[in-house]
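Q: Below is the structure I would like to discuss, written out as structure tokens.
The values are calculated or read from the model by the stated rules, or taken from the named source; none is laboratory data. All figures in this text were calculated on a predicted structure; none of them were measured in a lab. FYI the Cβ positions are ideal-geometry reconstructions off the backbone, even for glycines, and counts take in every protein chain you see.
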Ligand code: SF4
Ligand code: SF4
Ligand code: SF4
């Protein structure tokens, strides 16, 4: 189930990349900036500012016409001439997807790029999907990076090791209770999978969202470090290629309402640029790894 495909990406892996956003995720991060990738079902976005009020969508909809009750049949996506109703979620086979990705092969060759499989959690698609996709990409000579939140059974990772993708792996909090409070699940499986990936010699780049008010906060107990600094101490054990500290941003905030979803209450904030550089220095000193801000 594909949410969208972005070509000519220059983040999320090296070189020029085609980024595939899969739909469906086992987590429910309160800061999620792609909330439409949480559900595995197709959804409809409504852009009221584009709507001309022609009523064509109401004539074809059997769910009341609002994004809240949408069943994703796609009829209003086709009849709206003003692009006021747009769909998210289309089933594409591994064969077709590999073909779409392969169209930009000259760019990958020139720049050292490839495909980035993101989401959502790409590894939570139906069993065997990602194995077949990576097998096809490998035959086409296209490198793949997988942007994973990690909350899937280990077998999903293990099956992909022969294809040697780069894993862009999220590390959100060390404290399991904090993780559960802000993502809906604790982090035991996620940290376990990370450890196994590193032991298996996989290429891993750690991605650490720095969320003001969650893992980055002024600690109330004297002498205790903020969560983000405890995470650096923990991460020291992982032989990862790179660590990217990603400051919180709320650029996806408008999407919740557009898809008929309710944005969770929050008081998140973006850490100041100076604090991000300070954290990068702390992580560099603690882990001895290459640490970048952003990515
Ligand atoms: S079809 Fe499009 S323009 Fe017409 S009422 Fe529906 S959303 Fe508005
Ligand atoms: S896709 Fe459009 S027409 Fe179909 S159920 Fe959803 S809102 Fe109604
Ligand atoms: S893991 Fe990513 S896609 Fe899933 S809920 Fe969290 S931020 Fe959203």
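Q: Residue by residue through region 40-79, note down the ones that are within 11 Å of ligand 1 (Cβ to nearest atom) and in a loop (DSSP other than H, G, I, E, B).
A: 47, 51, 52, 53, 54, 55, 61, 65, 66
Q: Still on this structure: Kindly list the number of the only condition in (1) closer than 23 Å to residue 11 by Cβ; (2) under 19 Å from the mean Cα position of the chain (by Cα) that fails for residue 232.
A: (2)
Q: Only one residue in 110, 82 is near ligand 1 (Cβ under 10 Å from one of its atoms) and under 22 Å from residue 5 (Cα atoms), so which one is that?
A: The conditions single out 82.
Q: From the list 222, 226, 247, pick out the single residue that is in contact with a strand residue (DSSP E or B) (Cβ under 8 Å, 6 or more places away or on another chain) and at pLDDT below 95.
A: Unique residue meeting the criteria: 226.
Q: Select, from 61, 54, 76, 29, the only residue that is more than 9 Å from ligand 2 (Cβ to nearest atom) and in contact with a helix residue (DSSP H, G or I) (Cβ under 8 Å, 6 or more places away or on another chain).
A: Going through 61, 54, 76, 29 in turn, just one is more than 9 Å from ligand 2 (Cβ to nearest atom) and in contact with a helix residue (DSSP H, G or I) (Cβ under 8 Å, 6 or more places away or on another chain): 29.
Q: Also, quick follow-up: Could we say that residue 115 is under 18 Å from residue 204 (Cα atoms), touching a residue at least 12 places away in the same chain (Cβ under 8 Å) and crowded, with 16+ Cβ neighbours inside 10 Å here?
A: yes
Q: So, one more: If I filter region 1-20 down to residues being modelled with pLDDT of 95 or more and within 11 Å of the chain's Cα centre (by Cα), which single residue comes out as nearest to residue 205 (Cα to Cα)?
A: 19
Q: Also, quick follow-up: Out of region 1-37, which residues are without any contact (Cβ under 8 Å) to a residue 40 or more places away in the chain and part of a loop (DSSP other than H, G, I, E, B)?
A: 10
Q: Right, residue 23: within 16 Å of ligand 2 (Cβ to nearest atom), in contact with a helix residue (DSSP H, G or I) (Cβ under 9 Å, 6 or more places away or on another chain), assigned by TED's automatic domain parsing to the domain that holds residue 149 and modelled with pLDDT of 95 or more or not?
A: So residue 23 fits the description; yes.
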